[in-house]
Amino acid sequence: MRAFATARILLVGLSVIVLASFLPLWATGYILGLLTLAYYFGVFAMAWDLLFGFAGEVNFGPTFLIGVGAYTAGILDNLYQPPIALCIAAGALAAVTAGVVLALPALRLHGPYFGLTTLVAVLILQNFVVVDAHLTGGEIGLTVPDVISISDATNYLIALWFMAVSGAILFWLSRSPVGLILQASGQDAVQAGALGFNVTKHKLAAFIISAFFSGLAGALLVFYLGSASVGTLVDITVSVQIIIAAVIGGRRTILGGVLGAVFLIAMSEALRPLGDLSNFVVFAMALVVVLLFPSGFFGLLTRTREQA
Amino acid sequence: MSTAEQRAHLEVSGLTKRFGGLVAVKGMSLAVGAGKILGLIGPNGSGKSTVMKLIMGIERPDAGSVRINGVEVAGWPSHRIARMGAGIVFQHSRPLHRQTVLENITLALLPDKLMQLFADPQTDVRARAIAARVGLSGVLDRRPATLPFADLRKIEIAKAIARDPQVLLIDEPFAGLTAKETAAFSELICELRDDGRAVLLVDHNVKSVARMVDRVIAMYVGERIAEGSADEVMRDETVRRVYLGGSLETAARPESSFRDAATPFLAVDNVSVHYGKAQALDNVSIHIHAGEFVSVVGLNGAGKTTLFNTISGLLPYSGEIRREGASLRGHSAAAIARGGIVQCSEGRDLFVYMSVRENLDLGGQHLPTAERAEQIAWLFDLFPVLNARQKQAAGTLSGGEQQMLTIARALMMKPKLLMLDEPTLGLAPVILEQISKALERLRQTTAITVLLAEQNVTFALPHADRVYVIEHARIVWEGEPAKFAAEMGTGYL
């Protein structure tokens, strides 16, 4: 039964991705650009959900991992101009390393303290970027000499399929035997330990996977935007947006993060005429969704389909 | 598992654990051989559950040795101890709620590896076999939340035996089970013993485990006080003193001795409460005079807690509740509590991370400083153990001490009417006696009014001036405690 549900969700997901692949045939470059951004944000949100929804650890600083990946790739390109693929790989690797360095001590702490540690990590990174301006571009931002492509359609398709592959891997992981152990470790570490599972090992693995996808997406984003700045990649506000996207999309669903990210970006675009008020309205709507539908969009969708 | 001839066994010696200044376990030793059951009994707070956690590595011992099959495992993390062949059945069921019963059992069968991306079909077969053995075959695809309590316990035991442990620790195996379920559970535990496992049963009473155990060790405040066969331990003088304590004299005051006969302090008239379609209270009428101690006796689910919650203003009701003649309808729960009607709920609701002192200070927040200090001093005199534990976090107290703290915190609010909901729940007799004595002192030295809900009749009667019996949402009897035994029959005694 469960395997059937998993297969059905993957099938529906694949159909949506294939349909979305035809969007460049008629959509404007502007819309494609927005969606490209939304897809990268979707990956951020999915990677975050693996940690929160499954390992049970609230990472308040997803942008720490994203920022390390993005800036590593960007700085490397600025200094030595190696092939872009190498920069991106280095970014992902750096995010994983930074993740391990952060998680090893942080996982010794429990509950809110883990979250606080991750929050402080973002502030440290942010300060580093601002202070080390000759390397990072400081508050003005870092401009990279290369981009992957200048075609909106190509960028759009790369983001779409990157998101699809990341989503499939993360979703599959979450439903596999390791996903089950991870969920047990997150919900009741004492019991998981008594059943013979090394809880720290599994949580660390989840952190590494989350860091890998966050860093990879961050590095790709730099070579799409052609620049990296604290405001778009590192700031706490960005962390909060990722968390909101994952939660309104649906906690513990992985794929819900994509829905949440598309919703957030579409909404702030649709409400742009409101000016400064638009963020306020988006956050208020997110609050309503969290209060009324704690299982998020994805929970809502799968529930109605099960009832039908 | 490696060699069939190897005898599974558990050996513990000199095991010691301190929590702050409190020595929870002091130099405990025990041994269980293959195919044997050892009962570890003791009243609440005696340290028996801590011993089990120390063996399993959930808590780290401060000193002592734990050997599983001859291997020293003291101080190891619990996942390594589990892999050495120890398994634990927790008292409270802790399933994964979003997964089915089958998935919960499957979890326990998985190896501790990071690279299992596909489910092994053999795992599924084994999970189903284990489910069949414990009697869960019919509910494999259900979620735990939809299952009765006994099935949740079965999931716990299924998970524990999935690891094929040679040493099996079981915490309060029969808590909350009916007689029939208990019998089935005992049989299952005996089968596991017959497989050649070493079983450690932890429980409050010798009686409940007497028929299954080979030997029993009795604990009290962290130390072993007796060891032997179930009969020997039951006859042991120290054990009897710890469990049975001294007897109390009853001194019910006649209802005519209270001066507010016309308008009692609290009058509940024809009150009915519905939960959806279910009727939780059916035309209940009771009254309590100022200064009176009244017990409401009834089994689980009879409506005691509902009655208290209704009086506290937490539930909508039909009928009338009057305090000193004035209706309480329309008053918020907070207003009723501030007015002096204070409820100590069954769940205790302490702030577990705050110290004993902080919990008490919080209860007395509205009192002027001098008066608060005076009230605390009086409460420490009433419950001396709380004085000794002042700086300890409430969550680390034993069940009995938590109950005393709950009552003390309620008394900090200087209530006119104190409603105690099942204060004896899960407590051993020696603790009951301490709470008993405190209640008796309240009755004799203060003007406080007490409404006590209990299923434990031997606790409820000695303190009562008057008793109500509640059954299936109705009050079926009212009278003096002395007449209770004769008129209500043996159903409760």
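Every number in this text was worked out from the coordinates using simple rules, so none of it is lab data. All values reported here derive from a predicted model rather than from experimental measurement. When we count neighbours, we look across all protein chains shown, and the Cβ atoms used for this are built from the backbone with ideal geometry, even at glycine.
Considering all alpha-carbon pairs of chain B, what whole percent are spaced by more than 41 angstrom?
Details: 34586 of 121278 pairs.
So the portion of pairs separated by more than 41 Å is 29 percent.
If you take the alpha carbon atoms of the range B:364-438 and fit the smallest convex hull around them, that volume is 100 Å³ per residue.
Counting only other chain Cβ atoms within 10 Å of each residue's Cβ, the peptide A:194-207 averages 6.
For the range B:299-342, applying the loop criterion from DSSP together with a ceiling of 16 other beta carbons within 10 Å to the trypsin sites (Lys or Arg not before Pro) yields B:ARG329. Once the C-beta distance of B:ALA377 and A:GLN81 is scaled by a Förster radius of 60 Å, the resulting FRET efficiency is 0.20 to the nearest 0.05. Within the same chain, aspartates and glutamates fewer than 8 places from B:LYS437 are excluded, and of the rest, those with a Cα less than 18 Å from its Cα are B:GLU249, B:GLU292, B:ASP381, B:GLU401, B:ASP421, B:GLU422, B:GLU454, B:ASP465.
Scattering from the C-alpha atoms of chain A alone, worked out with Debye: what is log10 I(q)/I(0) at q = 0.07, 0.10, 0.11, 0.14 1/Å? Debye intensities relative to I(0), on a log10 scale: -0.26, -0.54, -0.65, -1.08.
Rg over Rh for the range B:255-491 works out to 0.95, both radii taken from alpha-carbon positions and Rh defined as the Kirkwood radius.
Listed by chain and number, the aspartates and glutamates whose alpha-carbon sits under 18 Å from that of B:LYS207, ignoring those within fewer than 8 places in the same chain, are B:ASP171, B:GLU172, B:GLU181, B:GLU187, B:GLU227, B:ASP231, B:GLU232, B:ASP236, B:GLU237. The three principal axes of the C-alpha atoms in the protein assembly as shown carry coordinate ranges of 95, 74, 54 Å, sorted with the longest axis first.
Centroid-to-centroid, using Cα positions, the range B:167-239 and the range A:248-272 are 55 Å apart.
The calculated 222 nm mean residue ellipticity attributable to helices in the protein assembly as shown amounts to -16000 deg cm²/dmol, summing -39500 (n - 2.57) over DSSP H runs of n ≥ 4 and dividing by all residues.
Ignoring the sites themselves, chain B has its longest run without GluC sites (Glu not before Pro) in a DSSP loop having at most 13 other Cβ atoms within 10 Å at B:6-248. For the segment A:184-190, counting C-beta atoms of other chains within 10 Å of every residue's C-beta and taking the mean gives 4. For the range A:176-236 versus the range A:127-150, the inter-centroid distance based on Cα atoms is 25 Å. What separates the Cα centres of the range B:67-95 and the range B:432-446 is a distance of 42 Å. Once the chymotrypsin sites (Phe, Trp or Tyr not before Pro) in DSSP loops with at most 11 neighbouring Cβ atoms within 10 Å are cut out of chain A, the longest remaining piece is A:27-308. Modelled spin labels at B:HIS366 and B:TYR353, positioned 7 Å past Cα toward Cβ, are 2.7 nm from each other. A Förster radius of 30 Å combined with the Cβ-Cβ distance from B:ALA31 to B:ALA183 puts the calculated FRET efficiency at roughly 0.60.
Going by neighbour counts of Cβ atoms within 10 Å, the residues B:HIS331, B:HIS79, B:HIS366, A:HIS202 line up, fewest first, as B:HIS366, B:HIS331, B:HIS79, A:HIS202. Of the residues B:ILE189, A:ILE158, the one with the fewest other Cβ atoms within 10 Å heads the list, and the complete ranking is A:ILE158, B:ILE189. Exposed loop sites, defined as chymotrypsin sites (Phe, Trp or Tyr not before Pro) outside DSSP H, G, I, E and B with at most 15 other Cβ atoms within 10 Å, are absent from the longest region of chain B, namely B:119-350. D by Stokes-Einstein for the range B:10-244, Kirkwood Rh over Cα pairs, 37 °C, 0.692 mPa s: 179 µm²/s. Structure shown: which of B:LYS48/B:LYS414; B:LYS53/B:LYS391; B:LYS159/B:LYS391; A:LYS201/B:LYS36; A:LYS201/B:LYS53; A:LYS203/B:LYS159 lie over 29 Å apart, alpha-carbon to alpha-carbon? Violating the 29 Å limit, Cα to Cα: B:LYS48/B:LYS414; B:LYS159/B:LYS391; A:LYS201/B:LYS36.
Its alpha carbons considered, the range A:219-272 gives a radius of gyration followed by a Dmax of 12.2, 33 Å.
Close amide-amide hydrogen proximity is noted between B:PHE293 and B:VAL450, B:ASP465, B:ARG466, each under 5 Å apart and 5 or more residues distant or on a separate chain (H modeled in the peptide plane; Pro and chain starts excluded).
If R0 equals 51 Å, the separation of the Cβ atoms of A:VAL281 and A:THR143 corresponds to a calculated FRET efficiency of about 0.95.
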